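The values are calculated or read from the model by the stated rules, or taken from the named source; none is laboratory data. Everything numeric in this text was worked out from a predicted model, so none of it was measured. Cβ coordinates were reconstructed from backbone atoms using ideal geometry, including for glycine residues, and neighbour counts include every protein chain displayed.
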Amino acid sequence: MHELPVTQGILSIVLEAAEQAGSYPVQRIDLVIGTLSSIVDDSVQFYFDALSAGTLAQGAQLSFRRVLATLTCGACGYQAQVIAPLPDCCAACGSTEVLVEDGMEFYVEAIEVEEPNNACSNCEINPDEQ
Amino acid sequence: MHVPIVKSILTSNDQIAAENKAVLDQHGVVAVNLMASPGAGKTSLILATARSLPAALRPAVIEGDLASSIDAELMAKNGIPVVQINTGGNCHLDAPMIRSAFPHLPFGEFELLLIENVGNLVCPANFALGAHLALVVASVPEGHDKPYKYPGMFAAADVVVLNKVELKEVFEFDPDYFWRGVQMLKPEAPIFEVSCRTGAGVAEWAAWLAQHVAGVATQNT
């Protein structure tokens, strides 16, 4: 529901990092989003395509790594990955002594920028190697 | 070329939230972010809480609403200093909005700031405001399954108030099921059952809040 400010946040982090890395075009953006954090991938991509036009990040591919929430049973130790609506008890032993953790992750993990081509097109000597 | 970053998506909001908290601490104010669905009773809880708190803890209020100022007018009528923020359709308050409300607050005249977020069980959980306490208000007519369906919101709660408890039977509300849903996400969050209409449970909640405010204030001095 609030994908516009979220996308603005992603773009500003990405552009800052891309400029620090030498202002090369951004090819891919790795995002880590927990399944409980209510962010819709398609919606972010939609806003991203509009907001990134004319920037270093134009055309970059958004890669979403989803982190599932983990349910742990305090009675038998059973663990399972869960999404909303959450179960109210352990699927293995039926105990209601359960704890749900993770799934709230919400960050930019890395970006992939276009490899700078340092080789001189006339003499084919790479200045980095001299 | 791979460039590692690892930075929260809402870093710029989080930074302003941290600045907001510093301003509040500097003025000796403890802030509470009230989050709930529309109609859960955020405004009623603020009014009932203000009446039950000791006179020295009379709160100021920031009202977040999509467009209207109905709630703010109600606060003002009850003698509560209030600043209205209209989000213009935005589904949540954010840290810059709170910052922009600060110049309109009578700092020095209050120690408790209650921030009424936009009625929504999804988005407000992601946007830090700089408050010291996240309060989620649920209500019986919404149903006992809310923690299971909106886990992000309840995982963000420091304390939960269940309102309209006089209607439990009418809505066949299972309090144990509700409590378990909160506890599996936030085992340490206390839950208070209140009725803002009858006044039941409000004194206990207000006493806990007063004690919590005193605790935060002590930490900051």
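Restricting attention to segment B:71-94 and to residues that are modelled with pLDDT of 90 or more and among the β-branched types (Val, Ile, Thr), the residue that is surrounded by the fewest Cβ atoms within 10 Å (Cβ to Cβ) turns out to be B:80.
So, in segment B:192-215, how many residues would count as being under 19 Å from residue B:131 (Cβ atoms) and within 16 Å of the chain's Cα centre (by Cα)?
8
Entry remark, segment A:27-61: residues being more than 17 Å from residue A:103 (Cα to Cα), in contact (Cβ under 8 Å) with a residue 40 or more places away in the chain and in contact with a strand residue (DSSP E or B) (Cβ under 7 Å, 6 or more places away or on another chain) number 8 in total. Summed over segment A:1-23, residues that are surrounded by fewer than 18 Cβ atoms within 10 Å (Cβ to Cβ) and either within 24 Å of residue A:84 (Cα to Cα) or touching a strand residue (DSSP E or B) at 6+ places or on another chain (Cβ under 6 Å) (or both) total 3.
Within segment B:33-52, one or more residues are in contact (Cβ under 8 Å) with a residue 12 or more places away in the chain, hydroxyl-bearing (Ser, Thr, Tyr) and within 14 Å of another protein chain (Cβ to nearest Cβ).
Here is a yes/no grid of residues against (1) closer than 23 Å to residue B:155 by Cα; (2) more than 11 Å from chain B (Cβ to nearest Cβ):
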position	(1), (2)
A:9	yes, no
A:12	no, no
A:53	no, yes
A:85	yes, no
A:106	yes, no
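Applying the set (1) in contact (Cβ under 8 Å) with a residue 60 or more places away in the chain; (2) in a strand (DSSP E or B); (3) of a type in the set (Lys, Arg) to residue B:21 leaves exactly one unmet item: (2). Return yes when residue B:187 is within 14 Å of chain A (Cβ to nearest Cβ), out of contact with any Ser or Thr (no Cβ under 7 Å at 6 or more places or on another chain), surrounded by 14 or more Cβ atoms within 10 Å (Cβ to Cβ) and under 28 Å from residue B:21 (Cβ atoms) and no when it is not. For residue B:187, the condition - within 14 Å of chain A (Cβ to nearest Cβ), out of contact with any Ser or Thr (no Cβ under 7 Å at 6 or more places or on another chain), surrounded by 14 or more Cβ atoms within 10 Å (Cβ to Cβ) and under 28 Å from residue B:21 (Cβ atoms) - is not met. On the given criteria, is residue B:78 away from every other protein chain (no Cβ under 14 Å) and free of Cβ contacts under 8 Å to residues at least 24 places away in the same chain? The answer is no for residue B:78. Looking at B:136, B:165, B:122, B:159, just one residue is at pLDDT 95 or above, surrounded by fewer than 22 Cβ atoms within 10 Å (Cβ to Cβ), β-branched (Val, Ile, Thr) and under 25 Å from residue B:21 (Cβ atoms), and that residue is B:159.
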